[in-house]
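The values are calculated or read from the model by the stated rules, or taken from the named source; none is laboratory data. Owing to the predicted nature of the structure, the values given are computational and were not obtained by experimental measurement. With ideal geometry, Cβ positions are generated from the backbone for all residues, glycine too; neighbour counts draw on all protein chains shown. Quick note on the areas: whole protein, heavy atoms, side chains included, nothing else; ligands and nucleic acids left out. Shrake-Rupley method; radii C 1.70, N 1.55, O 1.52, S 1.80 Å.
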Amino acid sequence: MSRSDLVRPQLADTHFNRARASLRQLLNRYGRQGRSRSSTELQAALKPRLDQLAGALDKLNGYLVRVAVFGLVSRGKSAVLNALIGQKVLPTGPIHGVTQWPRSVFWSLETAMGKAVIELIDTPGLDEVDGQARADMAREIAEQADLILFVIAGDMTRTEYQALHDLLAAHKPLIVVFNKTDLYPNRDRTVIFQQLRARLNSGHLNCPDPNLTLDDVVLVAAEPAPMEVRVEWPDGRITQEWEAPPAQITPLTQRLLAILNREGKSLLALNAMRQAELTEAAIAQTIVAQRDADAEQLIWSFAKWKGLAVALNPIAVLDIAGGAIADLAMIRALARLYGLPMTRYEAGKLLNAIVWSGGRLVLGEFASNVLLGAGKSGAAMASLWDGGSSLAAYGTAAAAQAAIAGYGSYQVGKAAQIYLEQGCSWGPQGASTVLQDILSQVDADTVIARLKSDIQAATHAQPVPSSEQP
């Protein structure tokens, strides 16, 4: 066994365990909000989000893989799922619309990472649900899925290409399942794949990088049409009977196993962190909105006292250091107000990010502290000898510096609010940090690696450095 074969499962376990630790951290952090002095209104607002985090943790603990199946009517979606499971648990039939609403069935599958529980979600035909309702249903189910199957059966229609294009926007691994190959014995997988990419790249759909490879197209016959067979009886009679051939589902089973064996745990961890990142942002935004008035008052209070302290301080160099300390204290006070844990080191990292992103505002405050502070210090020294005129100069410089310092502090506070709305997702166990680590560590030829750029473009994480101690 090569070293890479040993490293890969260890790395997948690391991703999996970090994702679970991150979810536990989020539940502990925001669970305390729901049990503390928070208002009843805030507790009620947080409960659905906390339930989402708890559900994501339960899903990881149970090694539950969610596979959503989409397609138009009469493509054999239910038949594909029955063939995978090995028994007919979902109704099928010749008429359209046998599946009227999303329905889940469960299937146990032995993988290299252990026994996985596969939740197979059968959905109504995408051409049976009208317009926006269809799009909303597909998007909601796709967002909750770890992997998507898109079932076709013959030449694809314009509606199918549009539906496939929309599902690719979920940035989840997607397998195109060409069903009913017993009716199309001459179909070639390579030709089907080339046609898919050509149509997805067409001007109408404008999907320049559909993230599909030849391996993502599989050919199956989930419920082959019955065949007439000749039966010879012991008494010499010969009859003709209809017999259903066995399902030809092995290519799909092998493709699912290949994905789960190689990157199953990393994929589950990645999807859990994507959901946790969105959920945490929603929780933090709820808390920020609930405490907006208190935060505004706190920011103005720090701005006022910072301006006053800068004005009264006669030593120029202390203005800069003292201003930074005041801003750090304000950031930590905001975090406490929102119930978000933040160490002094984390507050320093956040202030540093705000300073670099603040550009001209922060540079202007720094320049004013240097110039006005120097003038103020000089006036303070001169007042020891000539009194009134130097004190007047001191007061003018101090008032100008105080106004600039107070305004700068207010802007830092408002910027800190924006970062805090994202929670503390940038910490060592934060959802955004774990998500980015998974994306950076997966092998180049995995499904996750192919989705990497799209996921990173869609992420809501703020570019704040890790809070790990140096």
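Just give me the residues in segment 215-257 being without any contact (Cβ under 8 Å) to a residue 40 or more places away in the chain and closer than 20 Å to Val65 by Cα, in sequence order.
If we filter segment 215-257 for residues that are without any contact (Cβ under 8 Å) to a residue 40 or more places away in the chain, which is where we start, we get 226-244, 246, 250-251, 254.
Correct list: Thr250, Pro251, Gln254.
Each row is one residue, and each column tells you yes or no for (1) assigned to a helix (DSSP H, G or I); (2) at positive phi; (3) at pLDDT below 85; (4) open to solvent by 10 Å² or more (accessible area, probe 1.4 Å).
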{"site": "Gln422", "(1), (2), (3), (4)": "no, no, yes, yes"}
{"site": "Pro428", "(1), (2), (3), (4)": "no, no, yes, yes"}
{"site": "Leu435", "(1), (2), (3), (4)": "yes, no, no, no"}
{"site": "Ala444", "(1), (2), (3), (4)": "no, no, yes, yes"}
{"site": "Ala449", "(1), (2), (3), (4)": "yes, no, no, yes"}
{"site": "Ile455", "(1), (2), (3), (4)": "yes, no, yes, no"}
{"site": "Ala461", "(1), (2), (3), (4)": "no, no, yes, yes"}
{"site": "Ser466", "(1), (2), (3), (4)": "no, no, yes, yes"}
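Show the residue pairs meeting these rules: Cβ distance below 9 Å; 6+ apart or different chains; first residue within segment 263-283 and closer than 16 Å to Leu420 by Cβ; second residue open to solvent by 10 Å² or more (accessible area, probe 1.4 Å) and β-branched (Val, Ile, Thr).
Within 9 Å, the pairs are Glu277/Thr459.
If we keep just the residues of segment 210-227 that are open to solvent by less than 20 Å² (accessible area, probe 1.4 Å) and within 22 Å of Asp182 (Cβ to Cβ), which is nearest to the chain's Cα centre (by Cα)?
Here is the first cut: in segment 210-227, the residues open to solvent by less than 20 Å² (accessible area, probe 1.4 Å) are 210, 212, 216-218, 220-222, 224.
This time we only want the ones that are within 22 Å of Asp182 (Cβ to Cβ), so: 216-218, 220-222, 224.
On the way: Asp216: 23, Val217: 26, Val218: 28, Val220: 32, Ala221: 35, Ala222: 33, Pro224: 39 Å.
Among them, the one singled out is Asp216.
If you check Ala403 against the conditions, is it open to solvent by 10 Å² or more (accessible area, probe 1.4 Å), at pLDDT 75 or above and either over 17 Å from Leu268 (Cβ atoms) or in a loop (DSSP other than H, G, I, E, B) (or both)?
Answer is no for this residue.
Filter segment 275-295 down to the residues that are outside any helix (DSSP H, G or I) and either open to solvent by 70 Å² or more (accessible area, probe 1.4 Å) or under 10 Å from Arg49 (Cβ atoms) (or both) and list them by number. Even if it seems obvious, please write down each step before you answer.
Initially, segment 275-295 is screened for residues outside any helix (DSSP H, G or I), giving 291.
Result: no residue meets the conditions.
Please verify whether segment 113-124 includes one or more residues that are out of contact with any Lys or Arg (no Cβ under 8 Å at 6 or more places or on another chain), in a loop (DSSP other than H, G, I, E, B) and under 20 Å from Ala68 (Cβ atoms).
For segment 113-124, residues out of contact with any Lys or Arg (no Cβ under 8 Å at 6 or more places or on another chain), in a loop (DSSP other than H, G, I, E, B) and under 20 Å from Ala68 (Cβ atoms): present.
Using beta carbons and a limit of 7 Å, which pairs, at least six apart or on different chains, have the first residue in segment 405-419 and closer than 15 Å to Arg332 by Cβ and the second one open to solvent by 30 Å² or more (accessible area, probe 1.4 Å) and at pLDDT 80 or above?
Ser409/Phe302; Gly413/Phe302
Let's see how each residue does on (1) modelled with pLDDT of 90 or more; (2) more than 23 Å from Ala272 (Cβ to Cβ); (3) open to solvent by 50 Å² or more (accessible area, probe 1.4 Å):
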residue	(1), (2), (3)
Ile85	yes, yes, no
Leu90	no, yes, no
Gly114	no, no, no
Leu126	no, yes, no
Ala138	no, no, no
Asp146	yes, no, no
Ala153	yes, yes, no
Tyr161	no, yes, no
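Inside segment 234-280, can you point out the residues that are touching an Asp or Glu at 6+ places or on another chain (Cβ under 7 Å) and within 30 Å of Leu42 (Cα to Cα)?
Asn271
Among the residues of segment 256-271, are any open to solvent by 80 Å² or more (accessible area, probe 1.4 Å) and either of a type in the set (Asp, Glu) or outside any helix (DSSP H, G or I) (or both)?
Applying the first criterion (open to solvent by 80 Å² or more (accessible area, probe 1.4 Å)) to segment 256-271 yields none.
There is no residue in segment 256-271 that is open to solvent by 80 Å² or more (accessible area, probe 1.4 Å) and either of a type in the set (Asp, Glu) or outside any helix (DSSP H, G or I) (or both).
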